[in-house]
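Scroll down for the structure; my scribbles are underneath it.
Every number in this text was worked out from the coordinates using simple rules, so none of it is lab data. Quick caveat: nothing in here was measured; it's all calculated off a predicted structure. Cβ atoms come from the backbone with ideal geometry, glycine included; neighbour counts cover every protein chain shown.
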Amino acid sequence: MADEGSRDEVLNTLRQVAETQSRLVAAVEALNEQPSTSIGPFPQWGDPKKIVAMDPYGHLAPWIFKDVIDNDGVDIHEGTLRRSLFEHTGGSYPELITRGDIKLFLPPIGGLTVYCFGDPAKMSDESVRLSLRIHDECNGSDVFGSDICTCRPYLIFGIEEAVKEAQNGGSGVVIYFRKEGRALGEVTKYLVYNARKRGADRASDYFKRTENIAGVKDMRFQALMPDILHWLGIKKIDRMLSMSNMKHDAIVGQGIPIHERVELPDELIPADSRVEIDAKITAGYFTVVWRERPLPLRPVPPKVKCHKMLSAYKYSALIRPFHFIGLTVIIAYFKFTKAPPATKQRHGAIDHASIQQRCSSV
């Protein structure tokens with residue numbers, strides 16, 4: 001554990017070590033470092049309302065502007081770069097100006113990683129199915145296997161589903177955001193965990209614990225999250241491997257439709273994470289898909305049973321040309337009530353008198 005004051009000392013030490021080590025290796029040779037696959041450009045790249053938090057052309061700049069750099073004699077001096085970084089970060093890193101001996105700049109900022117399964121060109125192809133998992137970093141669960149939340153099982157499930165989609169000819173994408181502890185940081189998250197486990201760990205107090213320690217319950221700004229989807233050229237999502245309402249609303253609000261939301265199967269939810277699940281459902285963080293579960297049959301008197309079965313037959317005969325639900329009801333009644341099979345009749349005909357006779361004889 002390190003407080004904010006000692007953090008800078010640790011970073012400075014790491015920079016010095018990295019600088020020392022860099023002198024021991026061969027000189028860096030910028031050769032064949034271009035991207036292994038072409039991404040874009042897409043129409044979204046030029047829309048100021050689509051991408052606002054990243055430079056879509058950043059990875060292509062050395063090649064797109066090569067002629068300009070060569071012909072116009074563009075030369076970025078170290079001093080100019082230091083001053084520009086200092087100004088664009090609001091003066092947050094004075095070492096850029098005061099410490100000329102530090103040659104490596106490692107700002108403690110977040111980022112993201114895109115894992116693409118299948119042909120990268122299919123991500124932007126609207127005729128191909130796409131499964132997507134947007135995952136926010138959780139070191140305790142993703143790396144160390146904590147069962148206090150569903151982050152790790154949902155991440156594994158998302159990867160598996162993305163791979164399956166690619167194997168079926170579609171595209172699978174997992175985007176891993178560095179937003180540890182709802183962007184409040186890992187230390188804050190563990191302080192919250194301590195408070196939870198030393199008291200009554202209830203869903204009703206789940207977000208209150210975070211607010212008491214951090215002042216807010218969430219620092220993620222999901223409105224900017226779809227930027228990376230626009231950069232990848234994604235125009236629709238067939239299967240969203242997340243039930244987060246915040247992520248769903250941010251994506252749909254950016255004009256990217258989501259056709260299906262896939263929740264984590266019950267058997268993959270750790271018992272210790274139920275508090276988190278219940279709290280997020282109550283707070284409206286995510287939606288749970290209602291799944292029909294078999295209900296126990298209530299015992300009924302035999303005559304009532306026959307009466308209902310006769311009604312079901314009549315209902316089926318009435319709506320058969322329009323729907324098949326009536327037939328399903330009949331099959332279910334025969335299976336669970338063990339009623340004797342009806343006598344053979346002409347196809348499509350129902351002998352109501354025969355059924356009524358059986359009811360009277362019960």
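The listed peptides 66-74, 271-279, 192-200, ordered by packing as a protection proxy, come out as 271-279, 192-200, 66-74 (highest mean of other Cβ atoms within 10 Å first).
Give me the percent of Cα-Cα pairs in the range 112-283 that sit more than 26 Å apart, rounded to a whole number. Taking all Cα-Cα pairs of the range 112-283, the fraction more than 26 Å apart is 30 percent.
Let me check I've understood the local charge: for residue 125, count other residues with C-beta under 12 angstrom from its C-beta, Lys and Arg +1, Asp and Glu -1. What total comes out? Don't skip to the answer; put the middle values down first.
Numbers: positive: 122, 129, 235, 236; negative: 119, 126, 238.
Neighbourhood net charge equals +1.
Could you compute the net charge surrounding residue 137? Neighbours are other residues with a C-beta less than 15 Å from the C-beta of residue 137; K and R count +1, D and E count -1. With Lys, Arg at +1 and Asp, Glu at -1, the neighbours total +3. Packing order of peptides 214-223, 148-157, highest average first: 148-157, 214-223 (average count of other Cβ atoms within 10 Å over each peptide's residues).
Separation of the alpha carbons by more than 18 angstrom is noted, of 217/247; 189/247; 50/236; 49/217; 103/179, for 189/247; 49/217; 103/179.
In summary, the range 241-284 shows an alpha-carbon radius of gyration equal to 1.34 times the 2.2 N^0.38 Å reference for compact globular proteins.
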